[in-house]
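Readers should treat all values here as calculations from the given coordinates under stated rules, not as data from a laboratory. Predicted, not measured: the structure shown is a model, and the values here were computed from it. As a convention, Cβ positions derive from the backbone with ideal geometry for all residues, glycine included, and neighbour counts pool all protein chains shown.
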There are 2 protein chains.
Amino acid sequence: MIVEAREISQAVIGRLPRYHRYLGELISEGVERISSSELSKRMKVTASQIRQDLNNFGGFGQQGYGYNVKYLYHEIGKILGLDKEHNMIIIGAGNLGQALANYAAFEGRGFILKGLFDVNPRLQGMSIRGVPIRMMDDLEEFLKETKIEIATLTIPKARALEVANILVENGVKAIWNFAHIDLNLPEDVIVENVHLSENLMKLSYNISRYNEEHS
Amino acid sequence: MIVEAREISQAVIGRLPRYHRYLGELISEGVERISSSELSKRMKVTASQIRQDLNNFGGFGQQGYGYNVKYLYHEIGKILGLDKEHNMIIIGAGNLGQALANYAAFEGRGFILKGLFDVNPRLQGMSIRGVPIRMMDDLEEFLKETKIEIATLTIPKARALEVANILVENGVKAIWNFAHIDLNLPEDVIVENVHLSENLMKLSYNISRYNEEHS
């Protein structure tokens, strides 16, 4: 059965990575089948929510029989594009760039780190997990030789837009942006923002509200 | 005029950090007043959305007069709890923990880094921006002496729940969780998750969908 990604609602898509994570854990525990009620207990969502979400993947999970864990894991992975390889580079090889480069789990999901770039000459010649840190001057040449799908931006916001434009001009189609700025790029460029300080503000908002309610 | 946080809807709250960022940029550019239509052009949201959102902060922004940038920046900051100091520690002083510790902008918004903790003895004696890296064995003692509101978890998921429980038992009320696991903690503990690999999956989903639509 072929599952068409476009048929599935955005709300379900947003929940898929979490299903994928729990199913991956079940596989590593050697669990082959799981009922929606067992999965419900683990994930702390209702069994009916799980049944509705997973019905998008066809008629698995018959009453009393449960879901085939491995099958579902792979189907969800396909929807998320994890069955394909995505060549990736990281621009900015400071602590955050190095943390992402060292996160080997990405590689297991098809995100292949092809290069790291920085302006700091002291980083030249270093490499992380076998991937050399190159200087920014070499970026355009590199992009002409190697097809890169995703560029991760872990550079200060002052230079982020300028660098993003170079990336887009050289065929990069998706940007994972950690710079604290909205990149205004052509509409066909896919941008996923991680604004950590805005995330921290949400935390402090919730602390303030909690303190007000309990004062 | 006193603005009560609880009156403002969650949807507006979710947009406040972005307003705060843009208003901060306007301040640093020396802009004192801005109309909703000018702000609309900058932020690429409709002027009516902006007027609706900012009406929550009282009757500023009269027709033809515009918003008082500094006033609005501070009011939004108050709602977000940025007018108060939040003592913070970081558990896990690897690349990601160091990246967050080095991000001086947090300090400017009231997030005061009081300590870093790690299990790696090679990090002992090091410090980041003057804050020493301590060993995990010293955590409980430290929490008894220093009131900590927020703990940032940048440790592998295998140890995250165990450490979170120690934090909660010792009075930490909020956890900024980068470990790739759902922490099941008492309901009065505020948890904000940053699941980076799930964010990356959203990017690869959008790439797959784009490729399907253009193939």
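Numbers at a glance
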read-out: Gap separating the Cα centres of the stretch B:185-215 and the stretch A:113-129, nearest whole Å; value: 27 Å
read-out: Full-extension gain in nm, residue B:184 to residue B:136, via 0.36 nm per residue minus C-alpha separation; value: 15.1 nm
read-out: Within the protein assembly as shown, percent of DSSP bridges classed antiparallel, to nearest 5; value: 15 percent
read-out: In range of the label at residue B:212: residues from the stretch A:8-37 whose backbone nitrogen is under 16 Å from the point 7 Å along Cα→Cβ; value: A:8-17
read-out: Angle in degrees between helix B:69-79 and the longest Cα principal axis of chain B, rounded to the nearest 10; value: 40 degrees
read-out: Mean Cβ neighbour count within 10 Å, used as a protection proxy, ranking A:177-186, A:135-144 highest first; value: A:177-186, A:135-144
read-out: Cα→Cβ-extended label distance, 7 Å offset, between residue B:126 and residue A:159, nm; value: 2.3 nm
read-out: Amide H partners (placed H, <5 Å) of residue B:86, local residues excluded; value: B:111, B:112
read-out: The stretch A:114-174 shape via C-alpha gyration tensor axes, a/c threshold 1.5; value: oblate
read-out: Estimated [θ] at 222 nm from DSSP helical runs (n ≥ 4, -39500 (n - 2.57)) normalised by residues in chain B, nearest 500; value: -13500 deg cm²/dmol
read-out: Inter-chain Cβ neighbour average for residues A:83-95, partner chain, 10 Å; value: 2
read-out: Highest-fluctuation residue, B:49, B:124, B:98 considered, GNM on chain B with Cα pairs under 10 Å; value: B:49
read-out: Residue B:68-residue A:193 pseudo-label distance in nm [points 7 Å out on the Cα-to-Cβ vector]; value: 2.7 nm
read-out: Proximal aspartates and glutamates to residue B:147, defined as alpha-carbon separation beneath 14 angstrom and excluding residues fewer than eight positions away on the same chain; value: B:85, B:169
read-out: Crossing angle, helix B:10-28 versus chain B [Cα axis fit, 0-90 degrees, rounded to tens]; value: 80 degrees
read-out: Three-way shape label, the protein assembly as shown, alpha-carbon gyration tensor, a/c 1.5; value: rounded
read-out: Tilt relative to chain A, helix A:157-169 - C-alpha long axis, 0 to 90 degrees, to 10; value: 80 degrees
